[in-house]
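Trainee: What follows is a single structure, and I will ask about it in a moment.
The values are calculated or read from the model by the stated rules, or taken from the named source; none is laboratory data. This is a predicted model, so every value here is computed, not measured. Here Cβ is always computed from backbone atoms with ideal geometry, including for glycine, and neighbour counts include all displayed protein chains.
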Amino acid sequence: MTKDELKIILEKHKRWIKGDKEGVRANLSGANLKNADLSGTYLSGVNLSGVDLENANLVDVNLSYANLKSADLSGANLMDAYLSGAYFEGADLRGADLSGANLNYANLENATLTGANLRRAYLEDANLMGANLRDADLRDAGLRCANLRGANLTGTKFEGAIMTDSVWRIVCLAKEKQNENVYRSIG
């Protein structure tokens, strides 16, 4: 997809959001947007399932209620992004920077967030069931009422995280005892 084609699709999506009859909801499923710069773009409700956004610049992007199922966002910069209600089931977010991002009500079920930076991220009522958060940074994150059942939290940093009413007692911290410190920090 060329930059001009993408620009046209995003313009039509913008019109769709505004209720313009000439607007069309963007469908970028399966597109190759590797290394794309979409910072500050309004993409609420867009279909990005299976898209390749590896190392993309998505700083301050609005992807609320977007479909990112099985998308590759590894190494992407999503700092301060608005991702409320977004659907990330099975997405690859390895090494992604989600610091300060709003992921309230997002579905991250079975997503891979290995080594991701979620520092100061908002994950209230987020579904992280079965997610791989190995070595992720969740310091100072808001995880109120988040679902972490079956999540891999090996090496995850939780210092300062707010976890009121989160479902964490059933999480898979690790099969070996090396995670006793992690358990103490959230228990």
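Trainee: Somewhere in segment 114-123, is a residue assigned to a loop (DSSP other than H, G, I, E, B), closer than 27 Å to G30 by Cα, β-branched (V, I, T) and at pLDDT 95 or above?
Mentor: yes
Trainee: Follow-up question, since we're still on this one. Name the residue, out of E54, E109, E89, that is in contact with an Asp or Glu (Cβ under 7 Å, 6 or more places away or on another chain), more than 19 Å from A146 (Cα to Cα) and at pLDDT 95 or above. Explain how you work it out, then say what you get.
Mentor: Details: E109 fails: more than 19 Å from A146 (Cα to Cα); E89 fails: more than 19 Å from A146 (Cα to Cα).
E54 is the lone residue from the list that is in contact with an Asp or Glu (Cβ under 7 Å, 6 or more places away or on another chain), more than 19 Å from A146 (Cα to Cα) and at pLDDT 95 or above.
Yes or no, residue by residue, for (1) in a helix (DSSP H, G or I); (2) over 22 Å from L108 (Cβ atoms):
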site: I8; (1), (2): yes, yes
site: G19; (1), (2): no, yes
site: E22; (1), (2): no, yes
site: S29; (1), (2): no, no
site: G50; (1), (2): no, no
site: E54; (1), (2): no, no
site: S70; (1), (2): no, no
site: D80; (1), (2): no, no
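Trainee: Tell me, please, whether a residue that is within 28 Å of T154 (Cα to Cα), among the basic types (K, R), without any contact (Cβ under 8 Å) to a residue 40 or more places away in the chain and in contact with a Lys or Arg (Cβ under 8 Å, 6 or more places away or on another chain) can be found in segment 97-119.
Mentor: Pass one, segment 97-119, residues within 28 Å of T154 (Cα to Cα): 97-119.
Within this subset, residues satisfying the condition of being among the basic types (K, R) are 119.
Okay, now just the ones that are also without any contact (Cβ under 8 Å) to a residue 40 or more places away in the chain, so 119.
From the residues that got through so far, the ones that are in contact with a Lys or Arg (Cβ under 8 Å, 6 or more places away or on another chain) too are 119.
Within segment 97-119 (the criterion being within 28 Å of T154 (Cα to Cα), among the basic types (K, R), without any contact (Cβ under 8 Å) to a residue 40 or more places away in the chain and in contact with a Lys or Arg (Cβ under 8 Å, 6 or more places away or on another chain)), the answer is yes, since at least one residue qualifies.
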